[in-house]
Amino acid sequence: MLSVRSRRAALAVVAAAGLFGTVVVPTAAQAADAGAKRHKTVNLQLLAINDFHGNLEPPAGSSGTIKEIDPATGQVVSTPAGGVEYLAGALREARVAADDSITVAAGDLVGASPLTSALFHDEPTIEAMDMLGLDVSSVGNHEFDQGSAELLRKQDGGCHPKDGCYEDGRTFKGANFNYLSANVTDEKTGKTLLPPYWVTKSQGVKVGFIGVTLEGTPNIVTAEGVKGLKFANEVTTINKYAAELKAKGVNSIVALIHEGGYPASSTYNYDCGPAGQGISGPIVDIAKRIDPSVGAIVTGHTHNAYACTIPDPNGVPRSVTSAASFGRLFTEINMKLDKTTGEIVRPSVKAENHVVRRTIEKAPDLTQLVEHYQKLAAPLANRPVGYIASDINGRGSSDLEKPLGDLIADAQQDQLSAADKGGAQVAFMNPGGIRSDLVYKAAGSEGDGVVTYGKAFTVQPFTNMMQIKTLTGAQLVQLLQQQVSGGNAAAPKILQVSSNLHYTLDMRKAGADRVVVDSIRLNGAAIDPAGKYRVAANEFLAAGGDGFPAFAAGTDKLVGASDLDVFTAYLTAHSSAASPLKAPAQDRIKVVGPGTDVD
């Protein structure tokens, strides 16, 4: 119920607008905003990014575009976007008019990165984030790709323990920005791996940032990467530390969460509609349960773009945002801070995504950084490894069976089929491990259709070792069913398969029944439940990652070359300038009913 003072303040706003003569009942948000004007407020701008993944250079193919509505035609178009030189320029321009500005991120700044960053263990990206003015970031699952010790090195600095320093007289200094891992603790000590929160002041008002990654990180990272760590629930953790911050007199609180949602629209500035009804996925339930003292939520992980409001536990709208991925967008969040209460004035929070267009002026210092590491990487990056006749889409395909996924699985089965290399009879590739498209257009001087080592690396950046295991026919069927059941029931993960495996996926059904067992054929023959089959997959999948325990049950393991080496060897052996590879036909998985783009 509104107090007399709040009601009078709200009516004063109405009167000033010249609206008397009509009985106007202010909304709760209007009344709260009017009431807040009794207190002095200050303006704060947050600039947010997420899922940068070491994309220093402008990403190629679909990874380097953003969907937006063309104002002239009303049609959805794809606009080139991204590149750290443009991102830095856009952020600096956005800060000019702000009273105060803080730049934040929601994880996966590094990992699964193109060669220019990954070849140097993502040190170039850490340097770039410092140069463009990042202040604080949550960790994401990919921050753990190389293990916790390497993550701590990225924060604290020092030369790589195996590869050393990359240039004489130059030691990696580590990140000036603050990495947060509130829900990641050491199994032995119970202490957080990195600080749970970071507190700063904006014009005299304390502002706290709590950073978490998704609780399910161990399911999507190699076991070695998360060894010795525990990952707690996102909501429980944020609420715990929000209470701790409030006890310390910090009442303006923002959550940085490496978990996200799936908006109904693919356009970059989608607002999710009334009460957040146009967004689904884990972040919806998380946002609805986070304590109301948290004034805004910045998210990531799903690589989607949205600027939504989702009701908090009291039913009050709260800003929840995501800036897609690869530095193609940034989110501008403007808010007022109440100097009396120290709180974020919730009705004042306004969020909007901005495209990092390649038409703006580049930041020259970032150009210098990128060119420096490009020069160091060039001898390896520019080496030709194969030829293609057209684009072969991975990330750019919305189909369950992706052309580039087919090609990768074919490469793995072909290169590992010899008896001394494992005798692989069939190969599987996880869709989330396909990080880009193979783009026909030249990126530099290599020529159209030439696949360089750098391009291949961008597609397969993890350099996971390949494994070949023996599975029974029954386990092989289980494996296919686990794509759409168990941990993958809500968000199916459709494996990419080599050309000798065919089956039907009926999306009209539920769970494991979506896999039509009688339709499964390997080399034209039905699967024998008691038979034994040699199956190839990268070490992440082979260990049961992404919700595939059937892989982990395999026996007679043989470790092969890395997935990248297998891929490049296949490209070299099966393509030439005169006979480039064509995109596979996508005829291995027959999908009945509605398809879903899963990642």
Using the beta-carbon distance between ASP420 and ALA577 and R0 = 22 Å, what value does 1/(1 + (r/R0)^6) give for FRET efficiency, to the nearest 0.05?
0.10
Relative contact order, percent, the chain [alpha-carbon distance under 8 Å, six or more residues apart]
15
Tally of Lys pairs whose C-alpha atoms are under 17 Å apart, taken over region 192-260, 8 or more apart or cross-chain:
6
Using every Cα-Cα pair within region 392-551, state what percent have a distance larger than 25 Å.
30
Please report, for the Cα atoms of region 188-282, the Rg to one decimal and the Dmax as a whole number; what are they, in angstrom?
16.4, 45
Identify the residues of region 169-183 with backbone N under 19 Å of a label point that sits 7 angstrom from the Cα of HIS372 along the Cα-to-Cβ direction, or state none.
169-177
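Sort 490-496, 402-408, 583-589 for me by packing, meaning the mean count of neighbouring Cβ atoms within 10 Å per residue, highest on top.
402-408, 490-496, 583-589
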Using modelled backbone amide H atoms (1.01 Å from N, in-plane), which distant-in-sequence or interchain residues come within less than 5 Å of TYR262's amide H?
SER280, GLY281
Please give the contour-minus-distance gain from GLU187 to ASP285: 0.36 nm per residue of separation, less the Cα-Cα distance, rounded to one decimal in nm.
32.6 nm
Calculated P(r) of the chain - Cα pairs past 40 Å, %:
29
Under a crude label model (7 Å from the Cα following the beta-carbon direction), how far is ARG521 from GLU446 in nanometres?
3.7
Using a 7 Å offset from the Cα along the Cα-to-Cβ direction at both THR200 and LYS230, what is the distance between the two label points in nm, to one decimal?
3.2
Expected output is a single nm value to one decimal: the length gained when fully extending between ASP163 and THR504, i.e. 0.36 nm times separation in residues minus the C-alpha distance. What is it?
118.1 nm
10 Å binning of all Cα-Cα separations within region 149-214, expressed as whole percents from 0 upward:
19, 36, 29, 15, 2
Charged-residue dipole, Cβ positions (Lys, Arg, Asp, Glu), the chain about Cα centre, Debye nearest 20
1740
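None of the figures in this text is laboratory data; all of them are computed from the coordinates on show. Here the structure is a predicted model, which is why all the values come from computation and not from measurement. Ideal geometry is used to build each Cβ from the backbone, glycine not excepted, and the neighbour counts take in all protein chains shown.
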